[in-house]
1. F108 passes all but one of (1) farther than 18 Å from E167 by Cα; (2) not in a loop (DSSP other than H, G, I, E, B); (3) not charged (D, E, K, R); which number fails?
2. Considering only region 219-233, state which residues are assigned to a strand (DSSP E or B) and in contact (Cβ under 8 Å) with a residue 24 or more places away in the chain.
3. Sort out which residues of region 187-212 are within 26 Å of the chain's Cα centre (by Cα) and in contact (Cβ under 8 Å) with a residue 12 or more places away in the chain, and write them in order of number.
4. So which helices (runs of 4 or more DSSP H) are wholly in region 1-86 and hold at least 1 residues that are at pLDDT 70 or above and of a type in the set (G, A, S)?
5. Can you find a residue in region 156-168 that is of a type in the set (G, A, S), surrounded by 14 or more Cβ atoms within 10 Å (Cβ to Cβ) and modelled with pLDDT of 85 or more?
6. Given the conditions (1) loosely packed, with under 14 Cβ neighbours inside 10 Å; (2) among the small types (G, A, S); (3) closer than 22 Å to K126 by Cα, report the number of the one that G151 does not fulfil.
7. Looking at region 234-252, is at least one residue touching a residue at least 40 places away in the same chain (Cβ under 8 Å), assigned by TED's automatic domain parsing to the domain that holds V157 and among the polar types (S, T, N, Q)?
8. Identify all residues within region 276-306 that are in contact (Cβ under 8 Å) with a residue 12 or more places away in the chain and over 22 Å from R341 (Cα atoms); write none if there are none.
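The values are calculated or read from the model by the stated rules, or taken from the named source; none is laboratory data. Remember, predicted model here, so these are calculated numbers, not experimental data. All Cβ positions, even for glycine, are placed from backbone atoms using ideal geometry, and neighbour counts span all protein chains on display.
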Amino acid sequence: MADVLSQSQIDELLKSMSGGGGSSSKEEKVEETKASAESEKKEEENFNKYDFYSPRKFTKDKIKLLRSIYENYARILTSQVNGVFRVLTDITVIELRESRYYEYVNMFHENDCMTIVDAYISEKGKSNVPLMIYCTPGLIITLINHMLGGGDSVVRVEDNYRYSDVEMALYKKVLDYVIHSMDDGFSNYINIDFKMQRVEENPSMTQEIGLDETVVILVLNVDVSGIAAEKIRICIPGTLLEHIFKIIDNRKHIARGFSYENNSDVIMNHIKDTKFPITGQLGVIKLDISDIYHLQVGDVIDLNKSAKSKVKLYVGRQPWFMGTMGVHKKNIAVRIEDRIRPTGKDKPTEEIIADLLSESVEQKTG
């Protein structure tokens with residue numbers, strides 16, 4: 001007697017026949033789910049996790065501006081180190097991120113040295129919050145070796161290397177070049193003078209700012225002769241950056257608004273002491289070259305004007321006034337009686353002033 005199949009069993013048989021077997025289709029489904037899960041994990045890894053308990057203080061534009069400043073600083077420092085210490089290096093910015101101060105402190109070993117740097121802003125004085133710089137010992141010892149006339153070899157030391165007293169004195173000399181090059185990095189935006197305050201030999205115990213304070217951690221990669229890769233880590237407190245960005249934004253605002261202001265009074269105060277030649281012209285007549293060639297002492301040239309006619313006064317090359325000739329303290333003088341107003345054919349006063357200024361500049365430069 002034949003077995004009777006239910007409708008569900010019939011559906012399963014049809015699915016297995018179309019898919020090439022029920023077990024294989026299940027395996028394919030498992031593999032597909034695994035592949036989709038792995039792809040989702042990879043997509044999640046491409047995104048940075050945002051901590052809502054510690055929101056970002058600086059926008060992407062501010063971070064981009066700071067990156068451009070320190071990329072310029074890295075180029076300047078590269079040429080400085082290569083020229084002074086005669087060692088081939090290539091310094092680049094590999095990381096710039098906003099973080100907390102405790103993350104920067106936790107990177108240090110027991111014998112590391114951290115340099116405290118004060119920032120002096122022009123017209124504002126010294127900032128209350130310093131920034132911190134750390135250089136790996138391998139970079140410092142290599143530069144000291146070249147400073148003392150050593151060979152081209154790269155000196156390799158451990159991360160917890162302890163400097164001797166002589167090396168510590170030379171360490172400060174090396175850091176002076178690293179610090180002062182930062183002045184030129186900021187020079188396109190703001191004038192800051194960075195000066196070394198002190199060197200902390202136990203940075204994990206140093207607390208210039210609160211551990212939870214917002215900072216920007218900058219990491220520079222120093223490729224020494226293509227053999228060793230050393231690091232320079234810079235920690236900039238958020239309060240110092242806010243002060244710097246505020247000054248930069250104020251200067252941009254002033255620069256944008258300055259071109260729209262009416263500065264005619266300011267311009268006039270700058271040019272009012274400028275000297276221009278004034279020429280009196282009684283009349284104009286045209287003569288042939290032969291007539292000019294045969295002129296003798298005592299000859300008279302008729303200007304077709306009466307002796308009492310008005311004289312036109314020129315300031316530079318432009319007519320400004322009409323006056324009458326006379327005598328003042330036994331000197332020939334012209335008394336101004338009227339001002340020549342610009343007509344449709346003449347230039348307006350603004351263009352006349354511009355022509356006079358350009359003529360004055362040409363005379364001074366010539």
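1. (2)
2. V219, L220, N221, V222, D223, V224, A228, E230, K231, I232, R233, listed by residue number.
3. Scanning region 187-212 gives N188, Y189, I190, N191, I192, D193, F194, K195, M196, Q197.
4. Helices (runs of 4 or more DSSP H) meeting the threshold: 7-19, 60-85.
5. Checking region 156-168: not a single residue is of a type in the set (G, A, S), surrounded by 14 or more Cβ atoms within 10 Å (Cβ to Cβ) and modelled with pLDDT of 85 or more.
6. Here G151 meets the rest and fails (3).
7. Yes, region 234-252 contains at least one residue that is touching a residue at least 40 places away in the same chain (Cβ under 8 Å), assigned by TED's automatic domain parsing to the domain that holds V157 and among the polar types (S, T, N, Q).
8. I285, L287, I301, D302, L303, N304, K305
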